Amino acid sequence: LNDRELFRILMTFMLHTSDMNLPEDINNHIIKTTNRTISIIEQVFKYGIEKGEFPPDINLRMNRNAIWGLLNGIISLHLFTGKESGRTEVIHSTIKSGLEIYIRGMGNSRKKEGGVFV
């Protein structure tokens, strides 16, 4: 969050990979690192399923990508708009609220009785 230019480059890379003209090794490194980060989100969902926090039949790929998009959208919105002072706090609080809303919505999609989704 401290380097807007770095985030802008990452966003440009994700949207226009072929236009970046990066050396193949750097291109592969960015893709590998991004995929590793995205897989952490999937691991969180798997853990939540194991603990009964999320429905067992959720689409892991779709949900992890939705969270990835939510995070990137919030960060880019606040990183490039508004006042510099307090920006980090606004990003953190908006991400926290966004995740709470998303997770609450997942919980409301099915009733949980005695720790089991029905």
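The values are calculated or read from the model by the stated rules, or taken from the named source; none is laboratory data. In this text, all values refer to a predicted model and were calculated from it rather than measured experimentally. Cβ placement follows ideal geometry from the backbone for every residue including glycine, while neighbour counts extend to all protein chains displayed.
Restricting to the range 1-58, what's the tally of residues that are modelled with pLDDT of 85 or more, acidic (Asp, Glu) and loosely packed, with under 12 Cβ neighbours inside 10 Å?
Residues meeting the conditions: 4.
Could you say which residue among 85, 18, 39, 93 is under 13 Å from the mean Cα position of the chain (by Cα) and among the polar types (S, T, N, Q)?
39
Filter the range 65-91 for residues that are surrounded by 14 or more Cβ atoms within 10 Å (Cβ to Cβ) and not aliphatic (A, V, I, L, M) and give the result.
65, 68, 72, 76, 78, 87
Can you name the number of the only condition in (1) in contact with a Lys or Arg (Cβ under 7 Å, 6 or more places away or on another chain); (2) of a type in the set (A, V, I, L, M); (3) surrounded by fewer than 14 Cβ atoms within 10 Å (Cβ to Cβ) that residue 62 fails?
Of everything listed in (1) in contact with a Lys or Arg (Cβ under 7 Å, 6 or more places away or on another chain); (2) of a type in the set (A, V, I, L, M); (3) surrounded by fewer than 14 Cβ atoms within 10 Å (Cβ to Cβ), residue 62 misses just condition (1).
Looking only at the range 59-82, filter to residues that are at pLDDT below 90 and of a type in the set (Gly, Ala, Ser); which one of those is farthest from residue 98 (Cα to Cα)?
It comes out as 82.
Is there any pair linking a residue in the range 3-23 that is under 12 Å from residue 76 (Cα atoms) and touching a residue at least 12 places away in the same chain (Cβ under 8 Å) to one that is among the aliphatic types (A, V, I, L, M) and outside any loop (DSSP other than H, G, I, E, B), with Cβ under 6 Å and at least six apart or on different chains, and which?
Hits for this filter: 4/79; 7/79.
Counting only residues that are out of contact with any helix residue (DSSP H, G or I) (no Cβ under 6 Å at 6 or more places or on another chain), among the β-branched types (Val, Ile, Thr) and at pLDDT 75 or above, how many does the range 83-118 have?
Looking only at that region, the number is 3.
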